[in-house]
Amino acid sequence: MIQNGKVVGLAYVLKDSQGQKLDESNGADPFVYIQGAHQIVPGLENALEGLAVGAKKDVVVSAEEGYGEVNPDLRLTVKRTQFPGATDLQTGMQFQAQGPDGHGMVFTVADIQGEDVTIDGNHPLAGQSLHFSVEVLSIRDATQEEMDHGHVHGPEGHHH
Ligand code: ZN
């Protein structure tokens, strides 16, 4: 059964509240993660706890238990001149910058009005409820090395 320290292989489909498909992983290319290592959103991790191989489940994850609510503080308007070398700046472009806590963050260009550029550091799925349909394909014990690294090794996981 799925519990902390297990490496889990999943097939899943992720849709938004409007039923539009956002992401999927099928049986030929399963998604693998370590239960309890906070690699997936908390609402999904909690819902998968205790499931066995072959189990299928539909899970609705609230924004709070998903990628969080939209944080208006992460939406900023800056000047175009702060993008040196970006002569073809366009809405939807993503780039890395240093966030308020000093960690690297991904910002998306949300709007451009003349010299004013609005950037948004929220996760693209922040504020949304997530609709997962999952099937459990495999469960095994994580190795000590995987536990130390916090991610899965092997053909479907991380390569060093
Ligand atoms: Zn590793």
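The values are calculated or read from the model by the stated rules, or taken from the named source; none is laboratory data. A quick note: this is a predicted structure, and the numbers were derived from the prediction, not measured. Note that we place each Cβ from the backbone using ideal geometry, even for glycine, and neighbour counts take in every protein chain shown.
Among the residues of the stretch 67-85, is there at least one that is over 20 Å from the mean Cα position of the chain (by Cα) and aromatic (Phe, Trp, Tyr)?
For the stretch 67-85, residues over 20 Å from the mean Cα position of the chain (by Cα) and aromatic (Phe, Trp, Tyr): present.
State which residue pairs qualify: first residue farther than 13 Å from His38 by Cα and inside the stretch 141-154, second residue more than 10 Å from the ligand (Cβ to nearest atom) in any location, beta carbons under 6 Å apart, and separation of 6 or more residues or different chains.
Going by the 6 Å Cβ cut-off, the qualifying pairs are Ala142/Gly5; Ala142/Val7; Ala142/Ile34.
Go through Asp111, Asp101 for me and flag whichever is away from the ligand (no atom under 16 Å from the Cβ) and at pLDDT 90 or above. Spell out how you get there, then give the answer.
On the way: Asp101 fails: at pLDDT 90 or above.
So the residue among Asp111, Asp101 that is away from the ligand (no atom under 16 Å from the Cβ) and at pLDDT 90 or above is Asp111.
So which strands (runs of 3 or more DSSP E) stay within the stretch 85-146 end to end and still have 1 or more residues that are loosely packed, with under 13 Cβ neighbours inside 10 Å and in contact with a Phe, Trp or Tyr (Cβ under 9 Å, 6 or more places away or on another chain)?
On the way: elements: 94-98, 104-113, 116-120, 130-141.
Answer list for the stretch 85-146: 94-98.
For the structure I just gave you, tell me whether Asp16 is acidic (Asp, Glu) and either assigned by TED's automatic domain parsing to the domain that holds Ser138 or in contact with a Lys or Arg (Cβ under 9 Å, 6 or more places away or on another chain) (or both).
When the stated conditions are applied, Asp16 passes them.
Looking at Glu145 and the list (1) within 16 Å of the ligand (Cβ to nearest atom); (2) within 20 Å of Val41 (Cα to Cα); (3) modelled with pLDDT of 90 or more, which single condition is not satisfied?
Status for Glu145: all satisfied but (2).
Residue check, Lys79 against (1) closer than 25 Å to Gly43 by Cβ; (2) touching a residue at least 12 places away in the same chain (Cβ under 8 Å); (3) more than 16 Å from the ligand (Cβ to nearest atom), all met but one. Which one?
Failed condition: (1).
Strands (runs of 3 or more DSSP E) wholly in the stretch 1-76 with at least 1 residues that are surrounded by fewer than 16 Cβ atoms within 10 Å (Cβ to Cβ) and at pLDDT below 95 - which ones?
By residue number, 21-25.
Which residue pairs have Cβ atoms under 8 Å apart, sit 6 or more places apart or on different chains, and have a first residue in the stretch 52-76 that is of a type in the set (S, T, N, Q) and a second that is not in a loop (DSSP other than H, G, I, E, B)?
Every condition considered, the pairs that remain are Ser62/Gly43.
Just one of the numbered conditions (1) free of Cβ contacts under 8 Å to residues at least 12 places away in the same chain; (2) closer than 15 Å to Lys6 by Cβ; (3) acidic (Asp, Glu) is not true of Asp101; which one?
(2) is the only condition that Asp101 fails.
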